[in-house]
């Protein structure tokens, strides 16, 4: 185990880390010298991920766990209690089991989709996050420190994919905000992390295929970020002595990249998906030369995003729902 990393001696847990975003986060935590527990439902891909994570310098402990099952989550934290003396510095609640379900029900309104779609999307990705936060807090509160990161997305702000997805992501954001209130007296921080478009295995496969998302993804993939960007964000937050100033907030990967002064693993700047310039270029590409005069650092103010997300907002939605389909 690396003794000189920024997180040397820290114990971290990343759920849903056999691939994609979770693995990217675990890789960066290991590179920073932490002991990293990673979970997934399938043993073989989990063990392969553990080898990659260990190779980055930290110690990796793979644990098969379904985040939607309380018995398995409780056993996971009991193992942490026994093996690490009750120490847990960072929890990253990332597990999500709805990717295949979302793909299978593309373009279907909620009443034509199976009602079970709700559970397929939110059992691990919402209920599981609450369970992990619940048991993590039982270790962090007595210690008087800790960081809980709940991975969410802009789907909590605007319509995206389907009803269960958006409701679940909005609930994740509220989960972090409300947990932060109760955890603040004990110096335990809780935040939500919004990545941009991430080059996960699933995204790259779809971009190379011939599905309904292929063409849009091919257009956007150049502005995507690697899974390790979120990992660098978590390392920055876990190393930040002023972390309590961020507690309860929704944090965006491009904002954290600027705050902690890092780039993606390929050396490129992290794409700012709330930059006024970048949004205008995406909406009106023919005027790109004109929009390039706007500094990329000029972003949509968070208060403006908040107005659009407000239940009392008089503004139109950022994205309309799909048009009704005619019966054939």
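The values are calculated or read from the model by the stated rules, or taken from the named source; none is laboratory data. Small disclaimer: the values here were computed from a predicted structure and weren't measured. In this analysis, Cβ positions are derived from the backbone assuming ideal geometry, glycine residues included, and neighbour counts consider all displayed protein chains.
The listed residues are 26, 8, 17, and the only one of them that is part of a helix (DSSP H, G or I) and either over 19 Å from residue 98 (Cβ atoms) or under 19 Å from the mean Cα position of the chain (by Cα) (or both) turns out to be 26. Quick check on the stretch 271-292. Is at least one of its residues under 22 Å from residue 30 (Cα atoms) and at pLDDT 75 or above? Checked the stretch 271-292: no residue is under 22 Å from residue 30 (Cα atoms) and at pLDDT 75 or above.
Can you confirm whether residue 136 is at pLDDT 90 or above, out of contact with any helix residue (DSSP H, G or I) (no Cβ under 6 Å at 6 or more places or on another chain), surrounded by 21 or more Cβ atoms within 10 Å (Cβ to Cβ) and assigned by TED's automatic domain parsing to the domain that holds residue 240?
On the way: at pLDDT 90 or above: yes; out of contact with any helix residue (DSSP H, G or I) (no Cβ under 6 Å at 6 or more places or on another chain): yes; surrounded by 21 or more Cβ atoms within 10 Å (Cβ to Cβ): yes; assigned by TED's automatic domain parsing to the domain that holds residue 240: yes.
Taking the combined requirement at face value, the residue satisfies it.
Suppose we keep only residues that are at pLDDT 90 or above and in a loop (DSSP other than H, G, I, E, B) within the stretch 142-158. Which one would you say is surrounded by the fewest Cβ atoms within 10 Å (Cβ to Cβ)?
First pass over the stretch 142-158, keeping only residues at pLDDT 90 or above: 142-153.
Narrowing further to those that are in a loop (DSSP other than H, G, I, E, B): 144-145, 152-153.
On the way: 144: 10, 145: 13, 152: 29, 153: 23.
Only one residue fits best here, namely 144.
Residues in the stretch 195-210 include at least one that is farther than 22 Å from residue 23 by Cα and in the same structural domain as residue 133 (by TED's automatic domain parsing).
So that you can scan it fast, the table gives a plain yes or no per residue for (1) within 19 Å of residue 37 (Cα to Cα); (2) assigned to a helix (DSSP H, G or I); (3) touching a helix residue (DSSP H, G or I) at 6+ places or on another chain (Cβ under 7 Å); (4) in the same structural domain as residue 36 (by TED's automatic domain parsing):
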position	(1), (2), (3), (4)
95	yes, no, yes, yes
109	no, no, no, yes
113	no, no, no, yes
119	no, yes, no, yes
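One residue is enough: does the stretch 55-78 have a residue meeting the conditions in a strand (DSSP E or B) and within 21 Å of residue 122 (Cβ to Cβ)? Can you show your working first?
So in the stretch 55-78, the residues in a strand (DSSP E or B) come out as 59-64.
Then drop every residue that is not within 21 Å of residue 122 (Cβ to Cβ), which leaves none.
For the stretch 55-78, residues in a strand (DSSP E or B) and within 21 Å of residue 122 (Cβ to Cβ): absent.
Just give me the residues in the stretch 218-242 being assigned to a loop (DSSP other than H, G, I, E, B) and free of Cβ contacts under 8 Å to residues at least 60 places away in the same chain, in sequence order.
In the first step, residues of the stretch 218-242 are kept if they are assigned to a loop (DSSP other than H, G, I, E, B); the result is 224, 226, 240-242.
Scanning the stretch 218-242 gives 224, 240, 241, 242.
Report yes if residue 56 is over 18 Å from the mean Cα position of the chain (by Cα) and either under 30 Å from residue 241 (Cβ atoms) or surrounded by 16 or more Cβ atoms within 10 Å (Cβ to Cβ) (or both), otherwise no. Taking the combined requirement at face value, the residue satisfies it.
From 171, 189, which residue is in contact with a helix residue (DSSP H, G or I) (Cβ under 8 Å, 6 or more places away or on another chain), touching a residue at least 12 places away in the same chain (Cβ under 8 Å) and either within 27 Å of residue 116 (Cα to Cα) or in a helix (DSSP H, G or I) (or both)?
On the way: 189 fails: either within 27 Å of residue 116 (Cα to Cα) or in a helix (DSSP H, G or I) (or both).
So the residue among 171, 189 that is in contact with a helix residue (DSSP H, G or I) (Cβ under 8 Å, 6 or more places away or on another chain), touching a residue at least 12 places away in the same chain (Cβ under 8 Å) and either within 27 Å of residue 116 (Cα to Cα) or in a helix (DSSP H, G or I) (or both) is 171.
Quick check on residue 33: is it crowded, with 16+ Cβ neighbours inside 10 Å and assigned to a helix (DSSP H, G or I)? No: the conditions fail for residue 33.
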